[in-house]
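Chemist: Take this structure first; my questions come after.
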Amino acid sequence: MSMPILLLNAGSSSIKYQVIDAEDETVLATGLIERIGEASSTIKHKTQGETFEAADRYADHTEALAALVAMFDAHGPRLANVQAVGHRTVHGGSKFDRTVLIDDEVIQALVDLSPLAPLHNPPGIAGIKAAKTALPDVPHYAIFDTAFFAHLPEEAYTYAIDRTVAKELSIRRYGFHGTSHNFVSHRMAHFLGRHHDELKMIVCHLGNGASVSAIAGGKPIETSMGLTPLQGLVMGTRTGDIDPGVVAYLNRSGMSVPDIDNLLNKKSGMLGLCGKNDFRDIGAAIAAGDADAKLAFDVYIHRLVFYIGGYMALLGGLDAIAFTAGVGENDATVRAAVCERLHTLGFHLDAPRNELRTGRAHIISTDDSPVTICVVPTNEELQMAREVKDALEA
Ligand code: ADP
């Protein structure tokens with residue numbers, strides 16, 4: 001028996017998708033729709049080793065989904081065989097701690113949560129509505145970025161802010177990238193031949209967005225993102241931690257709240273520090289003697305080391321650490337810089353292993369390293385497919 005599941009990840013102007021057979025975990029199709037709402041939108045569809053492309057104007061997510069359906073009709077696989085749709089959903093607040101079947105009540109809850117995630121939840125809702133119209137006969141599930149962190153310890157998720165205000169406005173740490181932290185921590189435990197709940201682990205998800213989590217007893221006890229995905233590590237274009245006083249100061253200096261939001265989310269991080277947010281470009285700039293790129297790199301590593309060290313203290317030790325996502329999986333220089341700084345805390349990197357690119361989970365520490373250091377490719381779509389399968393079979 002096969003169980004094809006369509007996984008959708010809808011952003012404001014793009015939709016990424018995959019069809020995964022949840023029985024044997026093979027990928028049947030992948031695709032990307034871009035520039036939705038702009039003059040010329042595009043769709044790229046890959047299946048059975050072939051790539052198909054089309055360009056038109058898709059005014060909104062409904063028209064984009066119609067283009068997706070047309071691609072499947074023309075080139076396969078058959079959408080009629082799809083047994084469920086899984087939607088990546090950024091903010092589940094404290095309401096959702098697992099994957100849920102989407103009904104009108106869930107959609108309303110997502111609308112109610114939109115003020116907490118104005119950049120992410122509205123396009124996600126648009127994607128859900130369009131997909132439910134295009135594929136009305138199968139169940140649709142929401143998989144939340146926040147769900148894995150829904151049961152953080154209270155002292156970890158509580159901000160030291162007036163309790164009444166916090167309660168009224170649901171201000172607390174939620175954490176994001178949970179699908180990836182969940183997948184990678186389980187993958188690492190499995191790969192090391194250990195049970196997930198017997199390891200003290202740290203997962204560094206270093207992509208354009210970046211976050212780190214600490215896991216013990218099978219559960220996350222800390223993570224670096226907060227109320228929004230802006231807190232924590234230095235990211236491609238996001239500040240990560242700054243003094244919250246900066247926000248009030250910027251506002252008093254004449255910058256509007258939307259402009260501040262834009263500055264902190266889109267024009268900061270590595271991009272703000274050195275004009276580049278792709279680590280390949282940053283590496284090349286450092287090699288060419290660019291002082292701004294060097295400082296940006298140093299700030300990035302400093303923050304990451306700071307978090308890992310702090311999480312080791314909270315965990316009371318560390319068995320294994322995973323590097324994952326675009327930077328974590330591919331940039332050996334970042335991994336080497338982090339591990340060098342943490343050598344005295346038991347990070348003994350094996351330099352040749354660190355340079356290996358296998359595309360699979362592998363150990364990059366020495367055989368006698370007190371902390372086992374791993375590269376573990378993430379696969380959020382596969383984790384989503386597994387969760388939808390579990391929900392279908394429940
Ligand atoms: P997201 O899903 O957050 O958009 P990814 O996890 O795909 O991001 O990571 C994208 C980032 O990974 C790129 O911006 C780039 O900085 C980094 N990256 C990708 N490939 C490489 C590579 N070969 N070497 C160094 N960095 C890389």
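The values are calculated or read from the model by the stated rules, or taken from the named source; none is laboratory data. Not measured: the values here are computed from a predicted model. Every residue, glycine among them, receives a Cβ derived from its backbone with ideal geometry; neighbour counts consider all protein chains shown.
Chemist: Return the residues of the range 252-279 that are out of contact with any Asp or Glu (no Cβ under 6 Å at 6 or more places or on another chain), within 16 Å of the ligand (Cβ to nearest atom) and without any contact (Cβ under 8 Å) to a residue 40 or more places away in the chain; say none if nothing qualifies.
Modeler: Residues of the range 252-279 out of contact with any Asp or Glu (no Cβ under 6 Å at 6 or more places or on another chain): 252-273, 275-278.
Now narrow it down to the ones that are within 16 Å of the ligand (Cβ to nearest atom): 265-273, 275-278.
Those that are out of contact with any Asp or Glu (no Cβ under 6 Å at 6 or more places or on another chain), within 16 Å of the ligand (Cβ to nearest atom) and without any contact (Cβ under 8 Å) to a residue 40 or more places away in the chain: Lys266, Lys267, Ser268, Gly269, Met270, Leu271, Gly272, Leu273, Gly275, Lys276.
Chemist: Right, next: Is it true that Tyr249 is without any contact (Cβ under 8 Å) to a residue 40 or more places away in the chain, in a helix (DSSP H, G or I) and hydroxyl-bearing (Ser, Thr, Tyr)? Spell out the reasoning first.
Modeler: Values: without any contact (Cβ under 8 Å) to a residue 40 or more places away in the chain: yes; in a helix (DSSP H, G or I): yes; hydroxyl-bearing (Ser, Thr, Tyr): yes.
The answer is yes for Tyr249.
Chemist: May I ask you to verify whether His177 is modelled with pLDDT of 95 or more and either farther than 26 Å from Phe279 by Cα or small (Gly, Ala, Ser) (or both)?
Modeler: no
Chemist: Given the criteria surrounded by 15 or more Cβ atoms within 10 Å (Cβ to Cβ), in the same structural domain as Leu263 (by the TED database) and under 30 Å from Cys274 (Cβ atoms), does Pro244 qualify?
Modeler: Criteria not met by Pro244.
Chemist: State whether the residues of the range 190-202 include one that is within 14 Å of the ligand (Cβ to nearest atom) and in contact with a Gly (Cβ under 7 Å, 6 or more places away or on another chain).
Modeler: no
Chemist: Same structure, new question: How many residues does the range 107-128 hold that are of a type in the set (S, T, N, Q) and closer than 11 Å to Val90 by Cβ?
Modeler: 2
Chemist: In the set Ala385, Ala351, Ala336, Ala394, which member is under 19 Å from Ala210 (Cβ atoms) and out of contact with any Phe, Trp or Tyr (no Cβ under 7 Å at 6 or more places or on another chain)?
Modeler: Criteria check complete, one pass: Ala336.
Chemist: Cβ contacts < 7 Å: first residue modelled with pLDDT of 95 or more, restricted to the range 322-343; second residue of a type in the set (S, T, N, Q) and within 11 Å of the ligand (Cβ to nearest atom), any location; separation 6+ or different chain. Result?
Modeler: Taking only residues 6 or more apart or on different chains, the pairs are Thr324/Ser180; Thr324/Thr378; Ala325/Ser180; Ala325/Thr378; Gly326/Asn208.
Chemist: Further question: Before we move on, is Lys200 touching a residue at least 40 places away in the same chain (Cβ under 8 Å) and among the charged types (D, E, K, R)?
Modeler: Taking the combined requirement at face value, the residue satisfies it.
Chemist: How many of the residues in the range 203-249 are within 16 Å of the ligand (Cβ to nearest atom) and not hydroxyl-bearing (Ser, Thr, Tyr)?
Modeler: Final tally of qualifying residues: 20.
Chemist: In this structure, does Thr324 turn out to be in contact with a Ser or Thr (Cβ under 8 Å, 6 or more places away or on another chain) and β-branched (Val, Ile, Thr)?
Modeler: On the way: in contact with a Ser or Thr (Cβ under 8 Å, 6 or more places away or on another chain): yes; β-branched (Val, Ile, Thr): yes.
Spelling it out, Thr324 is indeed in contact with a Ser or Thr (Cβ under 8 Å, 6 or more places away or on another chain) and β-branched (Val, Ile, Thr).
Chemist: If you don't mind, there's one more thing I want to ask. From the residues in the range 382-394 that are out of contact with any Ser or Thr (no Cβ under 8 Å at 6 or more places or on another chain) and assigned to a helix (DSSP H, G or I), which one is nearest to His87 (Cα to Cα)?
Modeler: Ala385
Chemist: Answer yes if at least one residue in the range 90-101 is surrounded by 15 or more Cβ atoms within 10 Å (Cβ to Cβ), within 28 Å of Arg173 (Cβ to Cβ), among the β-branched types (Val, Ile, Thr) and in contact with a strand residue (DSSP E or B) (Cβ under 6 Å, 6 or more places away or on another chain), and no otherwise.
Modeler: Yes: the range 90-101 contains one or more residues that are surrounded by 15 or more Cβ atoms within 10 Å (Cβ to Cβ), within 28 Å of Arg173 (Cβ to Cβ), among the β-branched types (Val, Ile, Thr) and in contact with a strand residue (DSSP E or B) (Cβ under 6 Å, 6 or more places away or on another chain).
Chemist: Only one of Ala293, Ala287 is farther than 30 Å from Pro370 by Cβ, assigned by the TED database to the domain that holds Ala216, buried (at least 19 other Cβ atoms within 10 Å of the Cβ) and modelled with pLDDT of 95 or more; which?
Modeler: Answer to the check: Ala293.
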